[in-house]
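Undergrad: Below is the structure I would like to discuss, written out as structure tokens.
What follows draws every value from the coordinates through simple rules; no lab data is involved. Please read all numbers here as calculations on a predicted model, not as lab measurements. Heads up, the Cβs are rebuilt from the backbone with ideal geometry, glycines too, and the neighbour counts pull from every protein chain shown.
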Amino acid sequence: MADQRDTYPLKWPDGWKRTDKNFRRSAPYKVTLEAAARELVADLKRMGARDVVVSSNLRSGLVKQTESEVKDPGVAVYWHSRKGASCVMACDQWQRLRDNVRAIGLTIAAMRAIERGGASDILDRVIESFRALPPAPDPWQILGVPKGSDRSVVDQRHRLLARDNHPDRGGSTDAMARINRARDEALSEIGGAP
């Protein structure tokens, strides 16, 4: 596997909340995208990171695209720590891709400062907090229906599962919440409001 690569399209980490595009701000950073990415990757490597992947909606290769053409300026950076942990850090609060890359780069630089200060056990705990979460469970599997089923199938299966898993009938609140969330996600995916 390459030590650093870019991926398109953006693979936003599961479980990370996105910033509403209406609330993205202009950043104070004065750096090019190339410089921000180069510094970010260099600092990660100095921390012992391996298999660095920078994921965004900026196409490269045969289809060239300028940063201003990118509608979603979010960026996610994936890597393996020197202890082998899968880590991820993502940012989309700024209006430009370069500024989101810079924000992650400055955060990594601050983490390196912790390491250089001699508090590597603190740095290990910080890195642990950025471990990549496992993928979210598939709502279609939870419901036990084929992906893309229509609303009537989703609703019918939800009723059956709710009947058997409701806390008032011996089920648990956790199981019921998981079933409700799966129904809402499945309906959202097919374009039907929950």
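Undergrad: What is the magnitude of the charge dipole of the chain about its Cα centre, with +1 placed on the Cβ of each Lys and Arg, -1 on the Cβ of each Asp and Glu, and no other charges, expressed in debye to the nearest 20?
TA: 300 debye
Undergrad: Then there's this: Quick one: putting +1 on the C-beta of Lys and Arg, -1 on the C-beta of Asp and Glu, what dipole do you get for the range 139-189 around its Cα centre, in Debye to the nearest 20?
TA: Computed about the Cα centre, the dipole is about 100 debye.
Undergrad: Next question, about the same structure. Among residues other than Thr32 whose Cβ falls under 10 Å from its Cβ, what is the net charge (Lys/Arg +1, Asp/Glu -1)?
TA: +2
Undergrad: Additional query: Among Gly191, Asn22, Ala162, which residue has its Cα furthest toward the positive end of the charge dipole of the chain, with +1 on Lys/Arg Cβ and -1 on Asp/Glu Cβ?
TA: Asn22
Undergrad: Then there is this: Per-residue ellipticity at 222 nm for the chain, helices alone: DSSP H runs ≥ 4 residues times -39500 (n - 2.57), over residue total, nearest 500 deg cm²/dmol? Display every interim value, and only then the final one.
TA: Working: 6 runs with 81 residues, N = 194.
Rounded to the nearest 500, the figure is -13500 deg cm²/dmol.
Undergrad: Given R₀ = 41 Å, FRET efficiency for Ala162-Ala35 by Cβ-Cβ distance, to 0.05?
TA: 0.15
Undergrad: Please list, ordered by chain and number, the residues whose modelled amide H lies under 5 Å from the amide H of Gly74; skip anything fewer than 5 residues away on the same chain.
TA: Correct list: empty.
Undergrad: With springs only between Cα atoms under 10 Å, which of Arg102, Arg59, Arg157 fluctuates most in a Gaussian network model of the chain?
TA: Largest GNM mean-square fluctuation: Arg157.
Undergrad: Can you flag which of Lys45/Lys147; Lys11/Lys83; Lys30/Lys71 are past 30 Å Cα-Cα?
TA: Lys45/Lys147
Undergrad: Starting from 0.36 nm per residue, how many nanometres of slack lie between Lys11 and Ala119 once their C-alpha separation is accounted for?
TA: 35.7 nm
Undergrad: Let me ask you something else. Between [x] -0.33, -1.07; [y] -0.38, -1.01; [z] -0.24, -0.97, which matches log10 I(q)/I(0) by the Debye sum over Cα atoms at q = 0.08, 0.16 Å⁻¹ calculated for the structure shown?
TA: [y]
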